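Worksheet: one structure, shown below.
The values are calculated or read from the model by the stated rules, or taken from the named source; none is laboratory data. Since the structure is predicted, the reported quantities are computational estimates derived from the model, not experimental observations. Cβ placement follows ideal geometry from the backbone for every residue including glycine, while neighbour counts extend to all protein chains displayed. Calculation scope for accessible area: heavy atoms of the full protein, side chains included, ligands and nucleic acids excluded. Shrake-Rupley method; radii C 1.70, N 1.55, O 1.52, S 1.80 Å.
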Amino acid sequence: MNPNQISIERYRDKAAGYDASAEFTMPLRRRTIALLHLRAGETVIDVGAGTGLSYALLRDGVGDTGQVWGFEQSPEMFAVGEQRVQREHWPNVLHLQAPAETVNLPGMADAVLFNYTHDICRTPAAVANILRQVKPGARVAMAGIKFFPWWTGPLNILAWLKNRPYNAKAADLWEPWSHVAAACSDFQWHSTQWGMGYVASGIKRGDPP
Ligand SMILES: C[S@@+](CC[C@H](N)C(=O)[O-])C[C@H]1O[C@@H](n2cnc3c(N)ncnc32)[C@H](O)[C@@H]1O
């Protein structure tokens, strides 16, 4: 199985309980989205949007005149997100079922969110395909799991064990942001969750249009 198929299998039985399990991470989600400094009328991409748990917060940022473009490859996660979008009657949320490596969005975005999208962040082709659809000068925000500092040694088994049920590239946790960071200026990251998590932000390189 390739990493996409592994990921799809891992999320098959997680979709139904995902929202409840993610409840305690809402403060971190809000903190990460705040780093996007969204403004009314802007367009934001929600990478690997899962069940669409960030959509309401992103909509709050871009307002009725802005756009939220989310995509998700797992059929089960996508279906829960689709129910949410239909239930809430959000006319400005585009919710697509597609892999990050090939997704085609309708234009260029002002901001992009990578919230706990480890496998995508560790796949250069996926990162490149997303960032080609983001304007130069756009704001980028990320959050996810990382290894503890190297000197904590065996503690990193914990990080790996926590990551493994969700991600195909579970051991690649030293600098999970590195491919995205390489395309950004002013990139900064900070530890969260006692060192086992990170939150990061940057500006997509290039001159703004
Ligand atoms: C931990 S969940 C996070 C979901 C969402 N970003 C959130 O904040 O709740 C990771 C999501 O990435 C999706 N994913 C993994 N690899 C992907 C890929 N190559 N293309 C699109 N989605 C992918 C998974 O199916 C899963 O829904």
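Residues that are on the phi < 0 side of the Ramachandran plot and within 14 Å of the chain's Cα centre (by Cα): which strands (runs of 3 or more DSSP E) entirely in region 92-209 hold 2 or more of them?
109-115, 134-145, 197-204
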ask   = For region 56-75, which residues satisfy the criterion of being charged (D, E, K, R), within 17 Å of the chain's Cα centre (by Cα) and either within 11 Å of the ligand (Cβ to nearest atom) or outside any helix (DSSP H, G or I) (or both)?
value = 72
inquiry  = Show the residue pairs meeting these rules: Cβ distance below 6 Å; 6+ apart or different chains; first residue within region 143-172 and within 16 Å of residue 25 (Cβ to Cβ); second residue of a type in the set (Ser, Thr, Tyr) and crowded, with 19+ Cβ neighbours inside 10 Å.
reply    = 143/32; 144/116; 146/198
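Taking region 97-124 as the search range and keeping residues that are open to solvent by 50 Å² or more (accessible area, probe 1.4 Å) and within 14 Å of the ligand (Cβ to nearest atom), which one is farthest from residue 51 (Cα to Cα)?
Once the filter is applied, the top-ranked residue is 124.
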note = Of the residues in region 76-96 that are near the ligand (Cβ under 9 Å from one of its atoms) and farther than 14 Å from residue 54 by Cβ, the one that is least open to solvent (accessible area, probe 1.4 Å) is 78
task = Among what's in region 23-41 and is in contact with a helix residue (DSSP H, G or I) (Cβ under 8 Å, 6 or more places away or on another chain) and of a type in the set (Gly, Ala, Ser), pick the residue that is least open to solvent (accessible area, probe 1.4 Å).
result = 41
ask   = Right, residue 163: within 19 Å of residue 6 (Cα to Cα) and touching a His at 6+ places or on another chain (Cβ under 6 Å) or not?
value = no
